[in-house]
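One structure is given below, encoded as structure tokens.
The values are calculated or read from the model by the stated rules, or taken from the named source; none is laboratory data. Keep in mind that what you see is a predicted model, and the values were worked out from it rather than measured. Neighbour counts are summed over all protein chains in view; Cβ atoms, including those assigned to glycine, are modelled from backbone coordinates with ideal geometry. Just so you know, the surface numbers come from the protein's heavy atoms only, side chains and all, with ligands and any DNA or RNA stripped out. Shrake-Rupley method; radii C 1.70, N 1.55, O 1.52, S 1.80 Å.
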Amino acid sequence: MSLVATSGGDALVLARTHERAAEAAREAEAAPPAAEAALVGGAPVPVLQLEGISLSFGGITALDGIDLAVANGEIRAIIGPNGAGKSSLLNVVSGLYRPDRGMVRLGSERFAHVPTSRLAALGVARTFQNLALFKGLPVLDNVITGFVHRRRAGFVRQILSTPQARREEAESRAASEDVIAFLHLDAVKHQLAGGLPYGVQKRVELARALVARPQLLLLDEPLAGVTLGEKQELAAHISNTRDAYGTTIVLIEHDIGVVMGLSDRIAVLDYGRKIADGTPDEVRSDQAVIDAYLGVAHEGETELVV
Amino acid sequence: MTTAAHPVAGRRLTANHLGIAVLLTAAYGVIPFAGSDYLLDAVLTPFLALALAALGLNLLTGYAGQVSLGSAAFLAVGAYAAYNFNLRVHELPFLVSLVAAGRVAAAVGVGFGLPSLRLRGFYLAVSTLAAQFFVQWALTKFGWFSNDSPSGVIDAPPLAVAGITFSGAVGRYLFSLTVVVISTLLAIRLLRSQVGRNFIALRDNETAAKVIGVPLLRTKLLAFGVSSFIVGIAGVLWAFAYLRTVEPAGFNLDRSFGILFIIIIGGLASIRGAVLGAAFMVVFPLLLSRLGAALLGDIFNSGVLEMSQRIVIGALIIGLLIAEPRGLIALVDRLAEPILRRFSRPLSRSTQS
Ligand SMILES: Nc1ncnc2c1ncn2[C@@H]1O[C@H](COP(=O)(O)OP(=O)(O)OP(=O)(O)O)[C@@H](O)[C@H]1O
Ligand SMILES: [Mg+2]
């Protein structure tokens, strides 16, 4: 599959129909790295597992009995129409929301309410649908702060610059420089984050999440609102991240083209329910998905797919 | 700049360093000899104390984003704590009581910072008023704090460090200057460390900070503690080096607002801004009274002065904030940039430092 994004889902749906056979053949030859990684050492161990997560706000049901297992090293997309509950799901995983029912399993620990302050220590990092950078800090300092949970030296040691404080500062600085180079942010690393173009800020947020080398990376619409060129570049960065660091990635994205190309598996939400979960191929041809998602937006084309 | 030196701003930093070197040379080498007692006593010493108080509040409000209306309370805690250490612990070196007073102020600050764990913005600001009223009330109500002097008035003992007494106007000025310089250097170090980044992270996006693993609780209380420590030390300077006789009523809400105005006028989250704002707040009333006296003669008495001062300062704040919301320091940087550019290559526009 290519990473090239198209301007609209409809053209893609058409193109995909023709491509499908060829793709299937290619995929059979080159199994995605996720599959290999997940199977190392016998049975696949989910990095993240949701068990019957339900959440409502007043009368609105945002999530309704969601089960989800994300395997080690996979890129898992979550798609669905606006208000389907995608962001709420990530907020539950990061502990910003407490589900009414259900459990979240992260690695070996199981939570009714994920402790947000321990999230980074649990190996989970995330980005937000709306930018959540520290605008008054330069890019480099934003990224260095992504390393903060590894720091032990207290403020007195930091002021006195004890060997421990210096070592920690040097470590986090080096890690940040690495990620900044990886995401091609060198040119702006000394500029205040708040003044940068939207697409660059999105990349800075990705860098801040990546710097601690999380096991699990949650991305809420990392490609929304960026230009087409930036979109391709960011999508490539995301898949490189998995390949380079072995990071498991859960990704919310509206651009079906990008999603199909990028993800190993796709979960589809609609009105807080999970209506489909499978490989891009399976999801693409799933009747419920077509009805609820693709069908609504592109009635003409769906007929062609079916 | 809150970060360590970087190539783009390298030249700017050297310009900054040069400026600071010139200022320090003048402050230590010229002013003590050339300045009149009036200049030292009535202008520079209060300026130093206010600049330090503003720096302390700026750490909390400008950098960490926690609004406080209780600064005068921490000035008072510092002043009365130093007074009592000095009075009750015999042979205690003054520097020790100074630092101990800062610590008492820090402890009280952490106590009144606890609501910040639940409250934000406007609500937090209102809750810090509690510190303001409580401290003033306690110092007046319990005679112990002022050694049972009527209405809580305390007379500061002479400043003496390592056998040297800083008694004259010059001595008290030099003592204040040294305390301010050292405190400022420590504050800069703090701001450049991860703690400083945590402060700004907390201010700019609390949720993201929490997700990343910034210890919110500790960072907030630390901001209150460090800020109150510095404000407390400033209170000691205010009481011991400047006024020498203080009463709790002198640390009222007006004083708290005065310090808040300094950092808003000077520029939030800027150390240079705090200094500039303090200079403005000290020099401006003096200029205004000279000007008023020259233009209006006898009609311009102290009552008129105080009133006109409030009106003009109020108007100036509004005008300034419309013209440059980032304060005087941003204005200065903007004006200085073309001049500096002539001497060096493009400069960073960052206003933090
Ligand atoms: N904090 C909240 N308070 C009240 N309602 C909320 C809150 N967060 C989400 N909701 C509601 O829950 C539902 C799901 O919202 P959510 O943001 O998870 O959708 P989404 O799939 O991310 O949508 P989008 O594609 O627009 O980002 C919506 O009806 C939304 O209004
Ligand atoms: Mg969303």
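Measuring with a 1.4 angstrom probe and ignoring ligands and nucleic acids, A:E109 comes out at about 70 Å² accessible. The orientation-averaged shadow of the Cα convex hull for segment B:161-276, equal to a quarter of the hull surface, comes to 9.0 nm².
Of the residues B:D204, B:D37, ranked by 1.4 Å probe accessible area with the largest first, the sequence reads B:D37, B:D204. The Cβ shell under 9 Å around A:K274 holds other residues with a net charge of -3, Lys and Arg each +1, Asp and Glu each -1.
Per-residue accessible area (protein heavy atoms, 1.4 Å probe) orders A:R110, B:R103 as B:R103, A:R110, starting from the largest.
Inter-chain Cβ neighbour count for A:142-154, averaged per residue, equals 4 (cutoff 10 Å, partner chain atoms only).
Peptide B:183-196 is shielded by partner chain Cβ atoms: per residue, an average of 4 of them sit within 10 Å of its Cβ. Sorting the Cα pairs of the protein assembly as shown by distance into bins of 20 Å, from 0 upward, gives 17, 42, 27, 12, 2 percent per bin.
When each full DSSP H helix of chain B is screened for a Cα extent of at least 24 Å along its own axis and an average Kyte-Doolittle hydropathy of at least 1.0, the helices passing are B:94-113, B:169-192, B:216-236, B:271-296, B:302-323. What net charge do the residues around A:T227 carry, taking every other residue with its C-beta under 14 Å from that of A:T227, with Lys and Arg at +1 and Asp and Glu at -1? Overall, the nearby charge balance is 0.
These residues, A:E233, A:E168, go from largest to smallest accessible area, 1.4 Å probe, as A:E233, A:E168. Note on A:E177: accessible area is roughly 60 Å² with a 1.4 Å probe, heavy atoms of protein only. For chain B, the residue among B:F85, B:L216, B:L124 whose Cα projects farthest onto the positive side of the dipole built from Cβ charges is B:L216. According to the Kirkwood relation over distinct C-alpha pairs, the hydrodynamic radius of segment B:91-244 is 17.5 Å. Coupling constants for segment A:198-213 follow from the phi torsions by the Karplus curve (6.51 cos²θ - 1.76 cosθ + 1.60, θ = phi - 60°), and in residue order they are 3, x, 5, 4, 4, 5, 5, 5, 5, 4, 5, 6, 7, 4, 7, 6 Hz; glycine and proline get x.
When shorter helices are ignored and each DSSP H run of at least 4 residues is given -39500 (n - 2.57), the per-residue value for chain B at 222 nm works out to -22000 deg cm²/dmol.
Extension gain for B:E91-B:L295 works out to 68.1 nm (0.36 nm per residue, less the C-alpha to C-alpha distance).
When chain B is treated as a GNM with alpha-carbon contacts under 10 Å, the residue of B:A125, B:A201, B:A315 showing the greatest mean-square fluctuation is B:A315.
Please compute the net charge surrounding B:S228, taking Lys and Arg as +1 and Asp and Glu as -1 over other residues with Cβ under 14 Å from its Cβ. Counting the neighbours of B:S228, the net charge comes to +2.
The equivalent ellipsoid that matches the C-alpha gyration tensor of chain B spans semi-axes of 30, 27, 22 angstrom, in descending order. In this simple spin-label model, placing a label point 7 Å from the Cα along the Cα-to-Cβ direction at both A:E171 and A:A112 gives a separation of 3.5 nm. Here the spin labels are modelled as points 7 Å beyond Cα on the Cα-Cβ line, and at B:N147 and B:L286 they lie 3.1 nm apart. Taking a straight Cα-Cα cut-off under 25 Å and skipping sequence neighbours fewer than 8 places away in the same chain, the lysines within cross-link reach of B:K220 are A:K135, B:K210.
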